[in-house]
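Below: one structure, written as structure tokens.
The values are calculated or read from the model by the stated rules, or taken from the named source; none is laboratory data. Quick caveat: nothing in here was measured; it's all calculated off a predicted structure. As a convention, Cβ positions derive from the backbone with ideal geometry for all residues, glycine included, and neighbour counts pool all protein chains shown.
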Amino acid sequence: MNFTNIELLYNLLPLFLCGVVTILIVSTMRLRQQTHVQHKKINQLNEELSALLSCSRGISEKLHSHQYQFQNMTERQDKLEIAEPGNGGYKQAIALFNRGASEDEMLSTCDLSRGEINLITHLQKAKSKNQSQRL
């Protein structure tokens, strides 16, 4: 290489560096713009998530309230079925079975024979099996 080529390269070096700096500035500006857009999207998603969580809490509270009401109604219904006069021990045996009582407990509480208790137990198990298959 001769001196003129070196001098030409030396003179073009500032122009080259200026081009590199310009490219870096433009790239930085694009990245900042993209970052700004992404921050906006993140904020929007956070707001949507907060709204969904709020709705979820409300639904959960209502569900718990309904479950509590349903449980109370079931217990009251069981008490009424047991307390009804003239219905014999069948309803009482069914209510006891639904609460998880054993056949011996049902036999000692209700005025029914072992065969009747066995029949009620068998029918209630079949009924619950059919109901679970429907779900």
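Just checking, how many residues over region 117-126 are more than 40 Å from the chain's Cα centre (by Cα) and at pLDDT below 90?
Residues in region 117-126 being more than 40 Å from the chain's Cα centre (by Cα) and at pLDDT below 90: 0 in total.
Kindly provide the set of residues from region 106-120 that are closer than 20 Å to Gln77 by Cβ and not in a loop (DSSP other than H, G, I, E, B), ordered by number. Give the steps one after another, and end with the answer.
If we filter region 106-120 for residues that are closer than 20 Å to Gln77 by Cβ, which is where we start, we get 106, 109-110, 120.
Within region 106-120, Met106, Thr109, Ile120 meet the criteria.
Give the number of residues within region 1-57 that are surrounded by 10 or more Cβ atoms within 10 Å (Cβ to Cβ) and among the aromatic types (Phe, Trp, Tyr).
Going through region 1-57 one residue at a time, the tally reaches 1.
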